[in-house]
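K.L.:
Before I ask anything, here is the structure I am working with.
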């Protein structure tokens, strides 16, 4: 019986073999071996909790900064409106907080500039 134990690594109990199962966890190019599967499961749970608490701590340290999608320079838009001889008061629109109309004006100016650039390229 000791010869069988030495060759197979298992104890013979009657006609059954008593397995000494191990627990395995793969991390990257390494395999972590634990004495039991319960220990491997416990390790994974503790690791997940540690990662979650580290992420929470990191998130608490960083202030949330929301960046604007676009910035409109009112002085620039006002100069462009004057250059294109448009009958629009940019300051009045900005004071009225009609930002949709301000964006439409800026888009119209951009369209006009693109058209002018195309005409210049054709000549």
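The values are calculated or read from the model by the stated rules, or taken from the named source; none is laboratory data. For clarity, every value in this text was computed on a predicted model and none was experimentally measured. Cβ sites come from the backbone with ideal geometry, for glycine too, and all protein chains shown count toward neighbours.
K.L.:
Could you tell me which residue of region 26-45 is farthest from residue 102 (Cα to Cα), considering only residues that are out of contact with any strand residue (DSSP E or B) (no Cβ under 7 Å at 6 or more places or on another chain) and assigned to a strand (DSSP E or B)?
P.N.:
30
K.L.:
Look through 89, 95 and report the one residue that is out of contact with any strand residue (DSSP E or B) (no Cβ under 7 Å at 6 or more places or on another chain), within 30 Å of residue 110 (Cβ to Cβ) and at pLDDT 85 or above. Reasoning before the result, please.
P.N.:
On the way: 95 fails: at pLDDT 85 or above.
Sole residue among the options that is out of contact with any strand residue (DSSP E or B) (no Cβ under 7 Å at 6 or more places or on another chain), within 30 Å of residue 110 (Cβ to Cβ) and at pLDDT 85 or above: 89.
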